[in-house]
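Engineer: Below you will find the structure I want to go over with you.
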Amino acid sequence: MQSTDYAVRVEHIFEGPMDLLIHLIRKNEVDIYDIPVALITEQYLQYLDWMQTLNIDLAGDFILMAATLAQIKSRMLLPVHSQETETEEDPRLELVRPLTEYLRIKEAAEMLSQRNLLGEHTFVRQPEALPRTEVDETPVVRIGLFELIDAFRQILDRVGPAHQVNLDADTISIKDRIAQLVDRLEQQPSLTFDELFQGQGSRTEVIVTFLAILEMARLELIDFVQHVETGIIRIFYR
Amino acid sequence: MTPDLPAIIESLLFAAEEPLRMETLREVLDGVAPAAIRQALDHLGAEYEKRGGGFYLQQVAGGYQLRTRPCFHSWIRRLRGSGSERLSRPALETLAIVAYRQPILRAEIENLRGVDCGGVLRLLLERRLIRVMGRKEIPGRPLIYGTTRQFLEIFELRDLKDLPTLKEIRELVPDAASPEPSSAPEDGKNP
């Protein structure tokens, strides 16, 4: 990989090393379960050479595959001891497994692309304007962490002191709560801060929800907006 | 069964903004037996097929939706102007991996495709075909990806179980494994 001022992105020719290998296997009309490794390695390296002379910028993945091929080739050359034959598997399996897996994925992608795609082959009536635009017209401000913590405290106060004994060991993890919230936000693109905590009786539950909201904000899954007059905080799914 | 139940449901399907779920129908049609609703839906679907008009009834993303027949897509394109942007082959492959293997990490996706997938994942997230489901509690706490409800809607799937099953790859059939997605959709492939 030389540093030159002109380079072609290799993706347009072969997306990755797997595509190049499949191309070679097909071109030579060989069985994927019985790959002539020496031949394929030689041709693979020829392609790399050829691409480099054309100043095609090779991704590191291509070099890594070349190393894997060379390693498999050398393992094939090693004498196989008769007592080991049962335990030692064909070194080419290291290549065959990911290749067949990759072919399955290509097939899956192809099947997906042949479905009746919404917006391309089939259409639905266009939905009316979403309520979000309504909210956008009223004066709102983006809020920061401290306003959020204030709002959270109010909710925590409402839940009551921590003297409730929690015998229920079935507490929910932050990850699960995020998944639940995402499900709700997919149904309904915006929720008020209070709505997020509805039906949550215990302090633990409320705290888990709050931490989940913070994590979601950090992952940029949601936006917070506060209405200037009412002070109501809304969460929007991005 | 109310004699006009199919007509009522038809009006609901027409006015609904997204696939109409059975639960929503039951809520709206308070007191009507689920079996009667289902029967009315079947009746409507069969009626649309018999009539062979401009739309059909499709079960998608856990609900029912009226959709235009694929054979008329070019007319609707003309009405609405440019269609949605097509997904590239790398994007489709990545989406297929997420769909079939979810929940999945970026490293696992890259392992399967043998190339960096950062850009493609970002595109799929932007188009709301995939979503972050959380983080895996291992060093580095990597993000976990899965598909969205929008994915089901766009690819006309009832649920994830509705994804077509994959055949075992027996051998490489010349030019069967990496065809470009056909640019012209064929007609008669409506349900």
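Engineer: Could you give me the percent of Cα pairs per 10 Å distance bin for the stretch B:5-79, shortest bin first, beginning at zero and ending with the bin that holds the maximum distance?
Structural biologist: 18, 51, 24, 6, 0
Engineer: When the accessible area of the stretch B:5-79 is split by element with a 1.4 Å probe, what percent falls to carbon and sulfur?
Structural biologist: The value for the stretch B:5-79 is 55 percent carbon and sulfur by accessible area.
Engineer: What's the local net charge at B:MET22, with K and R +1, D and E -1, over the other residues with C-beta under 12 Å away?
Structural biologist: On the way: positive: B:ARG21, B:ARG26, B:ARG38, B:ARG158; negative: B:GLU23, B:GLU27.
In short, +2.
Engineer: Could you report the buried accessible area between A and B, both sides summed, computed with a 1.4 Å probe and given in Å² to the nearest 100?
Structural biologist: Numbers: alone 16770 and 13250 Å², together 24320 Å².
Interface between A and B: roughly 5700 Å².
Engineer: In sequence order, what are the phi-derived ³J(HN,Hα) couplings for the stretch A:96-105 according to the Karplus relation 6.51 cos²θ - 1.76 cosθ + 1.60 with θ = phi - 60°, rounded to whole Hz, with x for glycine and proline?
Structural biologist: Once rounded to whole Hz, the list reads 5, 4, x, 5, 5, 4, 5, 5, 4, 5.
Engineer: For the stretch B:1-45, what ratio Rg/Rh do Cα atoms give with a Kirkwood hydrodynamic radius? Don't skip to the answer; put the middle values down first.
Structural biologist: Working: Rg = 9.5 Å, Rh = 10.4 Å.
With Rg and the Kirkwood Rh in hand, the quotient comes to 0.91.
Engineer: DSSP loop (so not H, G, I, E, B), at most 15 other Cβ within 10 Å: list which GluC sites (Glu not before Pro) in the stretch B:1-99 pass both filters. Working shown, then result.
Structural biologist: Numbers: sites: B:GLU10, B:GLU17, B:GLU23, B:GLU27, B:GLU47, B:GLU49, B:GLU85, B:GLU93; in loops: B:GLU17, B:GLU85.
Answer in residue order: B:GLU17, B:GLU85.
Engineer: A further question follows. Considering amide H positions built from the backbone, and no H for Pro or chain starts, which residues 5 or more places from B:LEU166, or on another chain, come under 5 Å of its amide H?
Structural biologist: none
Engineer: Continuing with this model, one more query. Can you tally the net charge around B:LEU125? Count Lys and Arg as +1, Asp and Glu as -1, for every other residue whose Cβ sits under 13 Å from the Cβ of B:LEU125.
Structural biologist: The answer is +4.
Engineer: So for the stretch B:89-162, averaging the separation of alpha carbon pairs under 8 Å that are six or more residues apart and normalising by length, what relative contact order in percent results?
Structural biologist: Once divided by the residue count of the stretch B:89-162, the mean separation gives 32 percent.
The values are calculated or read from the model by the stated rules, or taken from the named source; none is laboratory data. Model, not experiment: these values are computed from the prediction. With ideal geometry, Cβ positions are generated from the backbone for all residues, glycine too; neighbour counts draw on all protein chains shown. Ligands, DNA and RNA are excluded from the accessible area calculation, which covers all protein heavy atoms including side chains. Shrake-Rupley method; radii C 1.70, N 1.55, O 1.52, S 1.80 Å.
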